[in-house]
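Read through the structure below, which is laid out as structure tokens, and then see the notes.
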Amino acid sequence: MKWIALLSIGISLALAERVDPPTGPESGMANVATGPDGSVYLSWIEPLGPAGHALKFSQWTGHAWSPAEEVARGNRWFVNWADFPAVAVQPNGLMVAHWLTRPDDADKYGYGIRVARRDSPGKWTQIFGKNLDEKEDYAGFLSFVPDGTGAVYLAPSPVEHRKTLRYVSLDGQGHAIDDRELDVDVCSCCQTAVVKTPGGLLAAYRDHQPGEIRDVALVRWTAGTWTAPRTAHPDGWKINGCPTDGPAMAANGQRVSLAWFTRAHDTPRVQLLQSTDGGTTFGPPLRVDDGNPLGRPAVAADVVVWLEKTSVEKAEVRLRRITPDGRLRKSITVAQVPGGRAPGVPKVAIAGNQILVVWRDGAVRVATFKKSDL
């Protein structure tokens, strides 16, 4: 169905097409992944009533979604708008997925990570688990490397009330071959991000620094080891608790884009850093929001998506493209959504000339734009 979205700034118009996936009512916690051939995969959680929940995925064919395939189901899952599953496809075509489960006697915050590989359609085998027997603490906020060869995630620290950042490597058969700590003290419930560059892996996350400063940090895999953390940009956001709003990152060769939300100095903003040397250095930050952001950015190549507040109870999913020389194009309103947690964390992916934007409004929704129209 064709529909017209009015630009939030100016009177321009942009054509989009709603291409909602094969999801059921109350589906949510969506994520996107890009396969080695450029195909886009969408994953989500669907409620099953007394049977609990199921993780499903579908592949975008360029004009429609494939029938949904179930990865796993269970009635002791941890289902949360901010910490949600993902899928990824390795260079050899092997698919991996992760989701979160709770021990039978865990309290509401005790949960852990399950990672599985797809042996055949509908058959998945667990290959890695973390914190699965923990009753009061949690491991989560996992992000796969786009090619599925590893993942960063948050895990409990031996020091009480702390979280650490870890990385687990996955080989070509989907086996976990290494699991190591990258940062001993990070913000406890913000999403993570990791990309692959010609110089190695680059991971982004919200750090926890002395004085309750929670700026975004980076670590890089280079020369056979992970570097010490470095602050991506010194916002100086001091907050006495986790904001539950992590960074987003995308890489295409040496070009890396890093987006994040901050309220430093009582000024909410969504910022973007761009690099042309694989994330070794970045240019100055660009403010990409329209003045009143709710946050939760997503990024793919030169496209940034975020939530912009329009009232106390309402928001909009907005999209903006960035030119190669760093100029901001006008923002586009993709959808009007409730405020708060209801729209979840929007996602964006690029398939050829198509931009796919994902959000939640009672169920998982998707719209496509032609890059050439923007």
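LYS108 fulfils the conditions (1) assigned to a loop (DSSP other than H, G, I, E, B); (2) in contact (Cβ under 8 Å) with a residue 24 or more places away in the chain except for a single criterion, (2).
Here ALA217 fulfils each of the conditions (1) in contact with a Phe, Trp or Tyr (Cβ under 7 Å, 6 or more places away or on another chain); (2) not in a strand (DSSP E or B) apart from (2). Within region 22-36, can one find any residue that is among the acidic types (Asp, Glu), within 19 Å of VAL115 (Cβ to Cβ) and modelled with pLDDT of 95 or more? Within region 22-36 (the criterion being among the acidic types (Asp, Glu), within 19 Å of VAL115 (Cβ to Cβ) and modelled with pLDDT of 95 or more), the answer is no, since none of the residues qualifies.
Can you say whether ILE127 is β-branched (Val, Ile, Thr), surrounded by fewer than 17 Cβ atoms within 10 Å (Cβ to Cβ) and either in contact with a Lys or Arg (Cβ under 7 Å, 6 or more places away or on another chain) or within 23 Å of GLY200 (Cα to Cα) (or both), as far as the supplied structure shows? No; evaluated as a whole, the condition is false for this residue. Out of the residues in region 167-198 that are at pLDDT below 95, within 15 Å of PRO146 (Cα to Cα) and not charged (D, E, K, R), which is surrounded by the most Cβ atoms within 10 Å (Cβ to Cβ)? For region 167-198, the residue satisfying everything is GLY174. Every test in (1) free of Cβ contacts under 8 Å to residues at least 40 places away in the same chain; (2) exposed (fewer than 14 other Cβ atoms within 10 Å of the Cβ); (3) on the phi > 0 side of the Ramachandran plot is passed by GLY253 save one, and that test is (1). Could you tell me which residue of region 63-88 is surrounded by the fewest Cβ atoms within 10 Å (Cβ to Cβ), considering only residues that are β-branched (Val, Ile, Thr) and in contact with a Lys or Arg (Cβ under 9 Å, 6 or more places away or on another chain)? Per the stated criteria, the residue is VAL71. Considering (1) in a strand (DSSP E or B); (2) closer than 26 Å to GLU26 by Cα, the lone condition that THR164 does not fulfil carries the number (2).
For (1) touching a residue at least 12 places away in the same chain (Cβ under 8 Å); (2) crowded, with 23+ Cβ neighbours inside 10 Å; (3) among the β-branched types (Val, Ile, Thr), each residue gets a yes or a no:
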site: ASP302; (1), (2), (3): yes, no, no
site: LYS309; (1), (2), (3): yes, no, no
site: LYS314; (1), (2), (3): yes, no, no
site: ALA351; (1), (2), (3): yes, no, no
site: ILE355; (1), (2), (3): yes, yes, yes
site: ARG360; (1), (2), (3): yes, yes, no
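Restricting attention to region 130-166, the residues that are closer than 21 Å to THR225 by Cβ, buried (at least 22 other Cβ atoms within 10 Å of the Cβ) and not hydrophobic (A, V, I, L, M, F, W, C) add up to 3.
The values are calculated or read from the model by the stated rules, or taken from the named source; none is laboratory data. Only a predicted model underlies this, so the values are computations on that prediction, with no experimental measurement involved. Cβ: placed from backbone, ideal geometry, glycine included. Neighbour counts: every protein chain shown.
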